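This report refers to the structure that appears directly beneath it.
Each value in this text was obtained by applying a stated rule to the coordinates, not by laboratory testing. The model shown is predicted, which means the values in this text are computed figures rather than measured ones. Methodologically, a virtual Cβ is constructed for each residue, glycine included, from the backbone with ideal geometry; neighbour enumeration extends over all protein chains shown.
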Amino acid sequence: MQADTTEAKGFSSFAEFYPYYLGEHSNLVCRRLHFVGTTLIVVIAAYALISHNLWWLAAIPLVGYGFAWVGHFFFEHNRPATFKHPIYSLIGDWVMWWQMLSGKIRL
């Protein structure tokens with residue numbers, strides 16, 4: 001896998017990073033797995049708060065990263081951007097999730 005020059009030098013803003021992030025999620029199955037994982041994070045967090053059982057929050061990283069990494073390794077065939085850009089990737093996941101939920105990005 002070849003790193004492009006933008007990735008190698010870094011990004012100066014999220015606005016600069018996000019088009020790269022979307023390019024790393026061009027596979028429809030990968031995007032759908034991200035959507036499922038992120039939606040489950042919302043459900044788990046809500047359940048943990050409603051049930052007053054905060055132990056459920058421990059499942060969030062497993063669910064979130066689990067679905068995303070399956071999408072990247074088996075369908076997108078790339079390394080998740082979170083390995084090099086963890087903060088921007090976390091923000092990107094929520095922005096992409098909202099755009100899929102609102103119909104701006106194909107689900």
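Summary table
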item	result
Protection-proxy order for peptides 47-56, 11-20, 79-88, 64-73, each taking the mean of Cβ atoms within 10 Å per residue, highest first	64-73, 79-88, 11-20, 47-56
Inter-label distance, nm, simple model (7 Å from Cα along the C-beta direction), Arg79/Val95	2.2
Value of relative contact order over the range 15-107, rounded to a whole percent, pairs C-alpha under 8 Å and six or more apart	37
FRET E, pair Ile87, Leu28, Förster distance 30 Å, beta-carbon r, rounded to 0.05	0.70
Calculated percent of Cα pairs over 23 Å apart (choose from (1) 26; (2) 42; (3) 30), label	(3)
Whole-Hz ³J(HN,Hα) from phi, Karplus 6.51 cos²θ - 1.76 cosθ + 1.60, for the range 18-25, glycine and proline x	4, x, 4, 4, 4, x, 7, 10
Chain lengthening between Leu107 and Leu40 when straightened (0.36 nm per residue, less Cα-Cα)	22.5 nm
The chain, helix-only ellipticity at 222 nm - DSSP H runs n ≥ 4, -39,500 (n - 2.57), divided by all residues, nearest 500	-20000 deg cm²/dmol
